[in-house]
Structure formats: structure tokens, C-alpha cells
Amino acid sequence: MDQFFIYYSVVLTVIIFIPLYRVVRGPTIFDRMLGAGAIGTKTMVLILSIGFAYKRFDMFVDIMLAYAILNFIGIIAIAKFLGTEKSKG
């Protein structure tokens, strides 16, 4: 069972690098934001799988929820910052 979680975590870590390419080389800022949100979501799944492997699922759910809130607030803040037009004058 532990071998399964090691393979699962490695595969999930490799999958995290796919949206990282979009964050680094995205043609628009909105593609980069979407990639950052996808990385955050996959990281939450990775945190939960680590908690399940260590049989401390309850503690890692709390960590994951805090990370989810920070991820959501960060993406909303970036969207709000980029969505406002700068007034010239």
C-alpha cells in the first residue's frame, strides 16, 4: 500500500509540472492565472494523499483547507488587480 502512494505522489508531482509550463510561458496573464489555480488544486490533492498515507487524514484536511483558502484569495486578488483599469490623469 505504501508503494502505491509513492507512485501516486510521484505521478501527481509530474502532473503539477504541466500547468507550470503554462504559468511560465503563458501567452496571456489569464492563462498564467488559470495555471496557478490548477497547480494549487493539484497540490491540495497531493497534501490529502500524504495525509492518507500517514494515517493522519484529519490533520492534513485542516492543512489542505487553509491552503485552499489562501489559493482562492490569491487568485481573486490577482484577478481584481488585473481587472481594474488604471485611470490616467
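Tell me, in nm to one decimal, what length is gained between residue 9 and residue 78 on full extension, where the rule is 0.36 nm per residue of separation less the Cα-Cα distance?
Net length gain for the segment: 21.9 nm.
Packing-wise, with mean Cβ within 10 Å as the measure, how do 1-11, 34-44, 70-80 rank, highest first?
Order by mean packing, descending: 34-44, 70-80, 1-11.
When the helix-only estimate is applied to the chain (DSSP H runs of n ≥ 4, each -39,500 (n - 2.57), divided by the residue count), what is the mean residue ellipticity at 222 nm, nearest 500 deg cm²/dmol?
That calculation yields -30500 deg cm²/dmol at 222 nm.
Points 7 angstrom from Cα along the Cβ direction at residue 23 and residue 68: gap in nanometres?
1.9
With the crude spin-label approximation of a point 7 Å out along Cα→Cβ, what separation in nm comes out for residue 59 versus residue 45?
2.5
Restricting everything to alpha-carbon atoms, can you work out Rg to Rh for the range 2-83 with a Kirkwood hydrodynamic radius?
In the range 2-83, Rg relative to Rh is 1.05.
Each reported figure results from applying straightforward, stated rules to the coordinates on display, with no laboratory input. Predicted model only: the values in this text are computed from it and were never measured. Cβ atoms come from the backbone with ideal geometry, glycine included; neighbour counts cover every protein chain shown.
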